[in-house]
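Asks: Pasting a structure below so you can have a look.
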Amino acid sequence: MNKAALYITAASTVSHQPTFGNPGFSSTLGPIVADNALISPDYKAYIDPGLLRRMSKILRMAVACSKDCIAQAEIEQPDAIVVGTGLGCLHDTEKFLNTSLTVDGLLPPTSFIQSTHNTMAGQISLSIGNHGYNMTHTQNTLSFEHALLDASMLLREGDRHVLVGAADEHIDILEDIAAQLSFEAPARLTSGASFFVLSKENRGNAAAILTDVHTTGGIENAEAEIDAFLIRNGLNASDVDLVFHAGEPVQGVKGNVPYLPLSGVYATASAFALHYAVDSLQTNASLKNVLICNALRKSNLGLILLQSVEA
Amino acid sequence: MGVCITGIGVVSAIGMSVEENLSALREGKSGIGPLQYLQGTKASLAGEVKASNEDLRKSLNVGTEYVSRTSLLGLQAAREAWGDNKRSGVIRTGIISATSVGGMDRSEVFYKDYLSQNSPDYQVLTTHDSGSTTERIAAELGISGYINTLSTACSSGANAIMLGARLILQGTLDRVLVGGSDALSRFTIDGFRSLMIYDEQWCRPFDESRAGLNLGEGAGFLLLEGEKSLQLTGNRPICNVSGWANAADAYHQTASSPDGKGATLAIENAIRRAGIGLNEVSYVNAHGTGTKNNDHSESVALRNVFGDHIPPFSSTKAFTGHTLAAAGAIEAVFSVLAIQHHLIYPNLNYQDSIAETGLVPATLLETGAEVNAVLSNSFGFGGNNSSLVFTRYE
């Protein structure tokens, strides 16, 4: 399919690694270890203190990354805000669930209000006064890819800049649930948020070209799906310089890097991988085509293809 | 040709199928009443689907017990909308569902057992996340590939329809099953009670004395097809989805702005996208939840857009209750039926107009009306405002 190029003109990540406000981080990161805590920026620089007090971790991360992105891209307003989240605002969900089961009488509504999946996108629009398209995708491990696909479509429909990102938050009960369900995580469970500005034009500030994004649920043959995806973009596996993958490495490409040891495991960790890939493209001139291959959940496949701006 | 609707399915408090819903709408028969199936809530009234999980599992032929009511209701409506259509290697087919709470109806039972250490069944949590409710429906229908879930609170269902239409127009998909599903849960009932907008009486949309909403549950699905798909399936279009828009109100986390900014933008942009004049809108299926705030804000938005020439409008929430993420999809099905059967539905429980706006909804069933274009509004938490326009297939 012949499609116009789309550009990533800003990227911002809060994670268990020194990713926030730290361009070039990709060349210094090692696998996260048990005592790597979430590294929070100075949220007061991004969020009104009154609001900040009531915000859960996921909301803080999402709003701070969004504001950072808008500043980086040097735009006043994005035309749309699109967010992906696998499990949504877990902290407030558990809090309200707990209150509603244990408290008789009048319940405080804040945690209910902040439990809906679209609280992030809503809070971002509120905090920057944005009246554009506002969407939240929640499709398990493919939530971010679906958001990115939606953002790409918006640019093809005429939008100029779309703020797109994803976030998921860790709460303690997840450890217990993972153990009880015998979920064998390939790395520890973590929290993270990554946001981007996707733009129609490169005003000299593009960090990477988003060539294509694709999602498949209920997949039977991942290899065939990856091949078909590369072919529709005029590439062979040998043209791909580097693959960042969750799940199996991709055969026939020049290099494979598993990203879950860097990000930790959460449903939208592929958004971390995108930022990691964008940062790698900027710091390593030998990279041209980079693929993010997300099979964190085996039945779901997410593919994001990037190209260096100079390629 | 645009984007055509070729199949519809619905389950709600007023019926298990399109036919049952349609006859209840014609008869002015509400499904809101005391809860029979959901235990342990403080709500005196709600729009419950009149079937237990076991009934649903049996009639849908779903073997496993690890399935949420949200999935079961979704499957009920999705199967009806899908009808006798076949899987195809040539027609790129997808599914987009919408839900606000996913499998919360089961998770809250787990969590209660978890808190009291009463041997909680962790396996139930595999049905918790919203995405899994759609994956379940997709698996039962044999749809793979593009499977997606949107969750934007009470506008979710409308947004699924909008996204499906866009995917077809962009050539990403040829046909897509779109809709929304939400089951009643103690979580949402307590949530709306905590906001003090849950009416213990029967809700009264657009009435001066309105005091809140009654929650409901259910699902609605529509099969959307583009030109290529229609040529291959030979399906007959029922009508078109021609206009859509989503806009952020950016006013407050839960409340709608008094000037109806987001709603006004959504309505205007959807009608513009449909390419019809304001005077061509035959009927508005309003969001009309019955809360003080929504109905005022929506009235202001209708006035902003239509001035003194507001088309006949009504809210059908006094029939079904507010079904959250399913509402936009259920009401889309009602909008299609309005075009198909030349109907304008009555806004039940209306007596006096809202003092500040003076808008009077349609209160009697109108049959034989010329209904060629219907505007359907869905507004949600986080200032998420969506409008859709359905038009007669020419």
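Asks: For segment A:209-307, state the average projected area of the convex hull of the C-alpha atoms over all orientations, rounded to one decimal in nm².
Replies: Computed as one quarter of the Cα hull surface, the answer is 5.6 nm².
Asks: Relative contact order for chain A: what percent, with Cα pairs under 8 Å and sequence separation of 6 or more?
Replies: Taking the mean separation of contacting Cα pairs over the length of chain A, I get 25 percent.
Asks: Could you state the angle between the C-alpha long axis of helix A:269-283 and the longest principal axis of the C-alpha atoms of chain A, as a value from 0 to 90 degrees rounded to the nearest 10?
Replies: 50 degrees
Asks: Can you tell me which lysines have their Cα less than 19 Å from the Cα of A:Lys200? Leave out same-chain residues fewer than eight positions away.
Replies: A:Lys3
Asks: To test your reading of the geometry: what angle, between 0 and 90 degrees and rounded to tens, separates the Cα axis of helix A:143-156 from the longest principal axis of chain A?
Replies: With both axes taken from Cα atoms, the answer is about 60 degrees.
Asks: Please state the Cα pair-distance histogram of segment B:123-267 with 5 angstrom bins from zero: what percent is in each bin?
Replies: P(r) over segment B:123-267, rounded to whole percents: 2, 7, 13, 17, 18, 16, 12, 9, 5, 2, 0.
Asks: Now for a separate question. Could you tell me whether chain B comes out rounded, prolate or oblate from its Cα gyration tensor? Rule is a ≥ b ≥ c as square roots of the eigenvalues, rounded for a/c under 1.5, then prolate if a/b exceeds b/c, otherwise oblate.
Replies: It is oblate, given that a/c is not under 1.5 and a/b is not larger than b/c.
Asks: Give me the Kirkwood hydrodynamic radius of segment A:270-311 in Å, from all C-alpha pairs, to one decimal place?
Replies: Result for segment A:270-311 stands at 10.9 Å.
Asks: Enumerate the lysines that A:Lys254 could reach by cross-link, defined here as Cα to Cα under 17 Å, with residues fewer than 8 away along the same chain left out.
Replies: A:Lys288
Asks: In addition: In deg cm²/dmol, rounded to 500, what helix-only [θ] at 222 nm does chain B give when every DSSP H run of at least 4 residues adds -39500 (n - 2.57) and the total is split over its residues?
Replies: Here the helix-only value at 222 nm equals -10500 deg cm²/dmol.
Asks: If you don't mind, there's one more thing I want to ask. Using every alpha carbon pair in segment B:3-233, what percent of pairs falls into each 5 Å bin from 0 up to the bin containing the largest distance?
Replies: Computed distribution, short to long bins: 1, 7, 14, 18, 19, 16, 12, 8, 4, 2, 0, 0.
Asks: May I ask for the angle, rounded to the nearest 10°, between helix A:57-73 and the longest principal axis of chain A, with both axes built from Cα atoms and the value confined to 0 to 90°?
Replies: Rounded to the nearest ten degrees, it is 50.
Asks: Which of these, B:Leu115, B:Leu337, B:Leu184, has the largest mean-square fluctuation under a Gaussian network model of chain B (Cα springs below 10 Å)?
Replies: Result for chain B, Cα springs under 10 Å: B:Leu115 fluctuates most.
Asks: Peptides B:144-151, B:383-390, B:252-259: what's the order by average Cβ count within 10 Å, highest mean first?
Replies: Answer by packing, highest mean first, reads B:383-390, B:144-151, B:252-259.
Asks: On to the next question. Need one number for segment B:241-392: average projected area of the convex hull over its C-alpha atoms, nm².
Replies: With the hull built on Cα positions only, its mean projection is 7.7 nm².
Asks: Per residue, how big is the convex hull of segment A:140-180 when only Cα atoms are used? Give it in Å³.
Replies: 55 Å³
Asks: Using 0.36 nm per residue, how much length does the chain from B:Ser23 to B:Lys228 gain when fully extended, once their Cα-Cα distance is taken away?
Replies: Fully extending the segment from B:Ser23 to B:Lys228 adds 70.4 nm.
Asks: Beyond 18 Å, what share of the Cα-Cα pairs of segment B:84-150 remains, rounded to the nearest whole percent?
Replies: Counting pairs separated by more than 18 Å, the tail of P(r) holds 48 percent.
Asks: Taking chain A as a Gaussian network, Cα atoms linked when under 10 Å apart, which of A:Ser299, A:Ser199, A:Ser263 shows the biggest mean-square fluctuation?
Replies: Greatest mean-square fluctuation among the candidates belongs to A:Ser299.
Asks: Convex hull over the Cα atoms of the protein assembly as shown, averaged projected area in nm²?
Replies: 27.5 nm²
Asks: If you don't mind, there's one more thing I want to ask. Hey, with R₀ at 25 Å, roughly what FRET efficiency would A:Gln251 and A:Ser286 work out to, going by the Cβ-Cβ distance, to 0.05?
Replies: The formula returns an efficiency of 0.75 here.
Asks: Further question: Binned at 5 Å from 0, what are the whole-percent values of the Cα-Cα distance distribution for segment B:191-322, short to long?
Replies: 2, 9, 15, 18, 18, 16, 10, 6, 4, 2, 0
Asks: What does the average come to when, for each residue of peptide A:145-151, you count the partner chain Cβ atoms lying within 10 Å of its Cβ?
Replies: The per-residue average across the peptide is 3.
Asks: Excluding residues fewer than 8 places away in the same chain, name every one of the lysines whose C-alpha is closer than 22 Å to that of B:Lys58.
Replies: B:Lys50
Asks: Tell me, what are the semi-axes, in whole angstrom and largest first, of the equivalent ellipsoid of segment B:234-306 as set by the roots of 5 times the Cα gyration tensor eigenvalues?
Replies: Gyration-tensor ellipsoid for segment B:234-306: 25, 13, 12 Å.
Asks: By what distance, in whole Å, do the Cα atoms of segment B:90-195 stretch along each of the three principal axes, largest value first?
Replies: 52, 32, 14
Asks: May I ask for the percentage of alpha-carbon pairs in segment A:23-89 that lie more than 19 Å from each other?
Replies: Across segment A:23-89, Cα pairs with separations above 19 Å total 51 percent.
Asks: For segment A:6-199, evaluate the Debye formula with one uniform point scatterer on each Cα (no solvent term) and list log10 I(q)/I(0) at q = 0.08, 0.10, 0.18, 0.19 Å⁻¹, rounded to two decimals.
Replies: -0.27, -0.42, -1.29, -1.40
Asks: Another question about this same structure. Cα centroids of segment B:151-216 and segment B:1-18: how far apart, whole angstrom?
Replies: 16 Å
Asks: I would also like to ask the following. Can you give me the Kirkwood hydrodynamic radius for segment B:310-393, using every pair of distinct Cα atoms, in Å to one decimal?
Replies: 13.7 Å
Asks: Can you give the FRET efficiency for A:Ala71 and A:Asn202, using 1/(1 + (r/R0)^6), R0 = 22 Å, r = Cβ-Cβ distance, to the nearest 0.05?
Replies: Efficiency at R0 = 22 Å is approximately 0.75.
Asks: If you don't mind, another one. Quick check of the Kirkwood formula: for segment A:139-215, what is the inverse mean of 1/r over all pairs of different Cα atoms, in Å?
Replies: One over the average 1/r among Cα pairs gives 14.8 Å for segment A:139-215.
No value in this document is a laboratory result; all are computed from the given coordinates. From a predicted model like this one, the values you see are computed outputs, not experimental measurements. Please note: Cβ atoms are built from the backbone with ideal geometry, for glycine as well, and neighbour counts cover all protein chains shown.
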